[in-house]
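Student: Before we start, here is the structure in question, set down as structure tokens.
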Amino acid sequence: MAEKMAILGRKLGMTRIFVSDGSAVACTVIEAGPCPVIQVKDAASDGYNAVQIAFGTAKEKHVTKPMQGHFEKAGKGLFRKTREIRLEGAPEMEVGQELTVEIFNPGDKVKVTGTSIGKGFQGVMKRWNFGGMPASHGHEKVHRSPGSIGNNTEPGKIIKGKKMAGHMGSERTTVINLEVVAVRADENLILIKGAVPGPKNGLVMVRKQ
């Protein structure tokens, strides 16, 4: 699916700012860009329209030889992360051009994609909001158990996708309808109202809606 223009950034944490009416607004602070365009793809040569952007400077020892050659074409140095942004039409940007937070304005609606905070191995009550077993007489050490998970002779197996205990979090997550409260271009910062997925210093992609 084609996406609107986006930028890569790093989640710094949360703060609050006071707006004109004196009320406090909780904001997530994201250090975004500048993200150089590393590669431009078009429908004629690649089958689809997209631009590849990079973020986070890296040392030479942390970048493979093929990626070093890939980055040299843009002449902007070496980077830790790269992402592609699908476009509906032919890209108007050129290799080496930089995306900054100035592509956003206060009041814009954005969606932010990141990797949610990992919570390790969790039971069904925490992971899926199960109610647990009864806490009355006769129930011993089963209060947080999932209950029956089996079936009859037919089909004689546990259905795939059954909600059970397991690894929770650490998944690609997108939160939509977030509002840009402020853009500080001199510091490469975007202040977004609402919760942004991921831990502090986690990589996020901010896209226009």
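Student: Name the strands (runs of 3 or more DSSP E) wholly within the range 1-107 that hold at least 1 residues that are under 16 Å from the mean Cα position of the chain (by Cα) and among the acidic types (Asp, Glu)? Give the derivation first.
Tutor: Working: elements: 6-18, 24-32, 35-41, 50-57, 79-86.
Here the list reads 24-32, 79-86.
Student: Here's something else I'd like to know. Pick from Met133, Met93: which is farther than 30 Å from Met14 by Cβ, touching a residue at least 12 places away in the same chain (Cβ under 8 Å), open to solvent by less than 50 Å² (accessible area, probe 1.4 Å) and of a type in the set (A, V, I, L, M)? Lay out the reasoning, then the answer.
Tutor: Values: Met133 fails: open to solvent by less than 50 Å² (accessible area, probe 1.4 Å).
Of Met133, Met93, the one residue that is farther than 30 Å from Met14 by Cβ, touching a residue at least 12 places away in the same chain (Cβ under 8 Å), open to solvent by less than 50 Å² (accessible area, probe 1.4 Å) and of a type in the set (A, V, I, L, M) is Met93.
Student: Sticking with this structure for a sec: Would a scan of the range 62-71 turn up a residue that is under 21 Å from Gly9 (Cα atoms) and open to solvent by 60 Å² or more (accessible area, probe 1.4 Å)?
Tutor: Within the range 62-71 (the criterion being under 21 Å from Gly9 (Cα atoms) and open to solvent by 60 Å² or more (accessible area, probe 1.4 Å)), the answer is yes, since at least one residue qualifies.
Student: Among the residues of the range 41-61, what is the count of those that are surrounded by fewer than 15 Cβ atoms within 10 Å (Cβ to Cβ), aliphatic (A, V, I, L, M) and in contact (Cβ under 8 Å) with a residue 12 or more places away in the chain?
Tutor: Residues flagged as surrounded by fewer than 15 Cβ atoms within 10 Å (Cβ to Cβ), aliphatic (A, V, I, L, M) and in contact (Cβ under 8 Å) with a residue 12 or more places away in the chain within the range 41-61 amount to 1.
Student: From Gly69, Gly77, Gly114, which residue is of a type outside the set (Phe, Trp, Tyr) and at positive phi? Break it down stepwise before answering.
Tutor: Values: Gly69 fails: at positive phi; Gly114 fails: at positive phi.
The match here is Gly77.
Student: Checking Ser136 against (1) at pLDDT below 95; (2) of a type in the set (S, T, N, Q); (3) within 17 Å of Gly33 (Cβ to Cβ), only one condition comes out false. Which one?
Tutor: (3)
Student: Those residues that are among the small types (Gly, Ala, Ser) and out of contact with any Lys or Arg (no Cβ under 7 Å at 6 or more places or on another chain), I need them from the range 21-51; list them, please.
Tutor: The initial filter retains those residues of the range 21-51 that are among the small types (Gly, Ala, Ser), namely 22-24, 26, 32-33, 43-45, 47, 50.
Gly22, Ser23, Ala32, Gly33, Ala43, Ala44, Ser45, Gly47, listed by residue number.
Student: Suppose we filter the range 108-130 for residues that are open to solvent by 70 Å² or more (accessible area, probe 1.4 Å), in a loop (DSSP other than H, G, I, E, B) and either within 18 Å of Ile176 (Cα to Cα) or touching a Ser or Thr at 6+ places or on another chain (Cβ under 7 Å) (or both); how many remain?
Tutor: 1
The values are calculated or read from the model by the stated rules, or taken from the named source; none is laboratory data. Note that the structure is predicted; figures quoted are calculated from it, not measured. All Cβ positions, even for glycine, are placed from backbone atoms using ideal geometry, and neighbour counts span all protein chains on display. What goes into the accessible areas is simple: the full protein's heavy atoms, side chains included, and nothing from ligands, DNA or RNA. Shrake-Rupley method; radii C 1.70, N 1.55, O 1.52, S 1.80 Å.
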